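Computed from the coordinates by the stated procedures, all read-outs in this text should not be read as laboratory data. Nothing here was measured: the structure is a model prediction, and the numbers come from that model. All Cβ positions, even for glycine, are placed from backbone atoms using ideal geometry, and neighbour counts span all protein chains on display.
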Amino acid sequence: MNEGGAFPWHYDNPSRPNKRRLTMAVYLTDEWREEVGGEIVLWPFLGQPVKVQPSYNTVVLFKSDATLHKVLPVQSAVQCTRYCFTVWFDGFMTNTDEDQYLKVSHLQTSAIPLLRRSPLQRTLSRAVYEEEYRTALRDCFGDGSVAYKISLHEHNVRLAELLKNEKVRQFVDELKLYREDLCNTE
């Protein structure tokens, strides 16, 4: 059971029929301190993660269909309650075919700028951040818990389905190298 208010890596709009276009999280925790935890971490595709403190009057606004993020657990040993509410704004042109389906033309490094800003990244993120997804599931649900085992199984099934395609698998390997190079230069 997720008792720390954590969420593993995800997109607020994973695919159809969801219409979420924009997410707004508003934090109302009066006396938040770093040892409390509960931060939201936004991870721009192939960029560096950004951690945002859930302190009073903090508003986090991001694209629901193109921002990978997670929420870190609140530390139970620290007496502090995290208060937050989230509003999702739907969009008319959300989850179009262009947002959903990879084409051969997307499977080349020249498409990286497009992928970094497009909902298409959702298709590849699970493979590009394979270990980070697994770690976040374990951290969120607890190693060995039923929820962890089910979530990990679902992750592995989706990953295997995606990587059955040889061209996709090769491109994912290229994206992982790109990401590694980017991390080494920053």
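Placing a label point 7 Å from the Cα of Gln170 along the Cα-to-Cβ direction, the residues of region 103-140 with a backbone N closer than 16 Å are 103-111.
With 0.36 nm allotted per residue and the present C-alpha distance subtracted, the Ser15-Thr58 stretch has 12.7 nm of extension available. Measuring from centroid to centroid over Cα atoms, what is the spacing of region 79-130 and region 144-159 in Å? Region 79-130 and region 144-159 have Cα centres spaced 21 Å from each other. Close Lys pairs in region 7-185 (alpha-carbon distance under 15 Å; sequence gap of 8 or more, or different chains): 4. Net length available on complete extension from Asp30 to Cys183 is 51.6 nm, with 0.36 nm assigned per residue and the Cα-Cα distance removed.
First check a/c for region 78-148, with a ≥ b ≥ c the square roots of the eigenvalues of its C-alpha gyration tensor; if it is under 1.5, answer rounded, and if not, answer prolate when a/b is larger than b/c or oblate otherwise. Oblate.
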